[in-house]
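First comes the structure, then the notes that go with it.
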Amino acid sequence: GNMNKRRVHGESLAQSAEMARELGISVNERTFMLDALKQELRIDGRRLYDYRRLKIQFGAERGQVEVQLGRTRVYVAVTGEVKEPYPDRPTDGFLNFNVELSPMASPSFEAGRPSEQAIELMRIVERVIRQSRAIDTEALCIVAGIKVWSIACDIHILDHGGNLIDCAALACLTALLHFRRPDVTIAGETVKVHSTADREPVPLSIHHLPVCITFAFFQNGSLTIVDPEVKEEQLMEGRMTIALNIHKEVCAVQKAGGTPLPVDQIMKCMKIAAVKASEITEIIRTALDEDTQKRTVRRAPANVMFMDPSLVAKEKMKPTTVQMLTAKPSKWITNASDIQMSEAVTPEISQADKLLSEELGSRIAPEGKAAKKAKFAHNDAAAEKEFQEVARSLMNQQP
């Protein structure tokens, strides 16, 4: 009896959760949103063609990017490994995409096998980046028919606030630009992968940047908005995603059903998307440039084996100025990235060097200042002459 009650109670909870996911917005919200859209207002305060706030943050490793578009948050990690190519395509590398919709992002997402929404999102991102020839897969070839690079893009949806397509495609494109693969050398059929300490890693060959802009349509296509949020997606009657680059070249158009659109309205959306794509491309470029500057570390010059003793006595080692490697979250980005840079930190030189030199001096010459002065009374010319004689005798002793 108790088991049956628990089973019925569990089923009722599951049914109520399923109903809560399917209900979506209420009738009052629907009426309010439609009336506001007729007055060219949206529930979050934007105009019809306004994009939400865009933030781009980079991880500690290359290829780790988190993009926040309003409340939508997507994390992408790009990795690479060496594999054998397919026999029918021996010179093409691999470029794979994987989408994970975490239940943490939305109650409508369930753990387990990929849902239709995850598969659709993965196919759209793959179509935008791979089929637009943005990345040259032949440039991923190491040895034809033997070894190629396999690049994997893992897309994690952390928070679903609407318009996952634009945010996921933008995060994936930025991560591919930010990623660096290890350098390789080829000796016959042997491929050696060098570490980042041994050789500078190499960026991927990316020809252009296709940026996705999504439109939502209401009232049989008479109302058009850009970048719909989650409630607007539940209310919209149709959706269209356009992928363009900075050269105004249309890379992909995705419209899966919904209300039909006339040609002039599609052309109007193209013009709006071209302006938005140009602005977002500039944001990506600026964010990447500032992150590259932040990662630059000034190195101390190498020690010289033979040096003038007068310079050895006079020169003192100075601490190297090193930039901090931890990135702070960026502020709201408008037309240029506002990612804050950590200032260079130069530690102060303490009095320990002086005290240590005095202590060593007292140990070397304990007989007093007068004896020390008489013993080490050499000028620069005498020291240089003595050094040259020692160097000459060492050269003569070599076989």
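The values are calculated or read from the model by the stated rules, or taken from the named source; none is laboratory data. Remember, predicted model here, so these are calculated numbers, not experimental data. Every residue, glycine among them, receives a Cβ derived from its backbone with ideal geometry; neighbour counts consider all protein chains shown. Protein only, heavy atoms only, side chains kept; ligands, DNA and RNA dropped before computing areas. Shrake-Rupley method; radii C 1.70, N 1.55, O 1.52, S 1.80 Å.
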Open item on the list: For the structure I just gave you, tell me whether G70 is in contact (Cβ under 8 Å) with a residue 40 or more places away in the chain and crowded, with 21+ Cβ neighbours inside 10 Å.
Closed with: no
Open item on the list: Show the residue pairs meeting these rules: Cβ distance below 8 Å; 6+ apart or different chains; first residue within region 188-211 and within 25 Å of L173 (Cα to Cα) and in contact (Cβ under 8 Å) with a residue 24 or more places away in the chain; second residue part of a loop (DSSP other than H, G, I, E, B) and among the small types (G, A, S).
Closed with: I206/A134; H207/A134; H208/S132; H208/A134; L209/A134; P210/S132; P210/A134
- [ ] Considering every residue within region 187-199, establish whether at least one is open to solvent by less than 50 Å² (accessible area, probe 1.4 Å), in a loop (DSSP other than H, G, I, E, B) and modelled with pLDDT under 85.
- [x] yes
- [ ] Select from region 81-114 the residues that are in a strand (DSSP E or B) and in contact with a Lys or Arg (Cβ under 6 Å, 6 or more places away or on another chain) and write down the one among them that is least open to solvent (accessible area, probe 1.4 Å).
- [x] L95
Task: Pick from region 200-221, criterion within 19 Å of A139 (Cα to Cα) and not in a loop (DSSP other than H, G, I, E, B), ranking: most open to solvent (accessible area, probe 1.4 Å) - done: P203
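May I ask you to say which residue of Q117, Q131 is open to solvent by 50 Å² or more (accessible area, probe 1.4 Å) and touching a Phe, Trp or Tyr at 6+ places or on another chain (Cβ under 9 Å)?
Details: Q131 fails: touching a Phe, Trp or Tyr at 6+ places or on another chain (Cβ under 9 Å).
It is Q117.
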Open item on the list: For a quick check of your reading of the model, give me the residue pairs whose first member lies in region 147-174 and is within 30 Å of G188 (Cα to Cα), whose second is among the aromatic types (F, W, Y) and open to solvent by 10 Å² or more (accessible area, probe 1.4 Å), with beta-carbon atoms closer than 6 Å and at least 6 apart or on different chains.
Closed with: S150/F94
TODO: Kindly indicate whether any position in region 133-146 is part of a strand (DSSP E or B) and within 23 Å of the chain's Cα centre (by Cα).
DONE: yes
TODO: Within region 37-65, work out how many residues are touching a strand residue (DSSP E or B) at 6+ places or on another chain (Cβ under 9 Å), farther than 30 Å from C269 by Cβ, part of a loop (DSSP other than H, G, I, E, B) and open to solvent by 20 Å² or more (accessible area, probe 1.4 Å).
DONE: 3
TODO: Considering only region 269-290, state which residues are charged (D, E, K, R) and either farther than 14 Å from T224 by Cβ or free of Cβ contacts under 8 Å to residues at least 12 places away in the same chain (or both).
DONE: K271, E279, E282, R285, D289, E290
Open item on the list: Just to be sure before I move on: is I246 surrounded by 13 or more Cβ atoms within 10 Å (Cβ to Cβ), in contact with a helix residue (DSSP H, G or I) (Cβ under 7 Å, 6 or more places away or on another chain) and in contact (Cβ under 8 Å) with a residue 12 or more places away in the chain in the structure I sent?
Closed with: yes
TODO: Taking R239 as meeting all but one of (1) surrounded by 14 or more Cβ atoms within 10 Å (Cβ to Cβ); (2) among the basic types (K, R); (3) out of contact with any helix residue (DSSP H, G or I) (no Cβ under 8 Å at 6 or more places or on another chain), write down the number of the exception.
DONE: (3)
TODO: For region 222-231, name all the residues that are surrounded by 21 or more Cβ atoms within 10 Å (Cβ to Cβ) and not β-branched (V, I, T).
DONE: D227, P228, E229
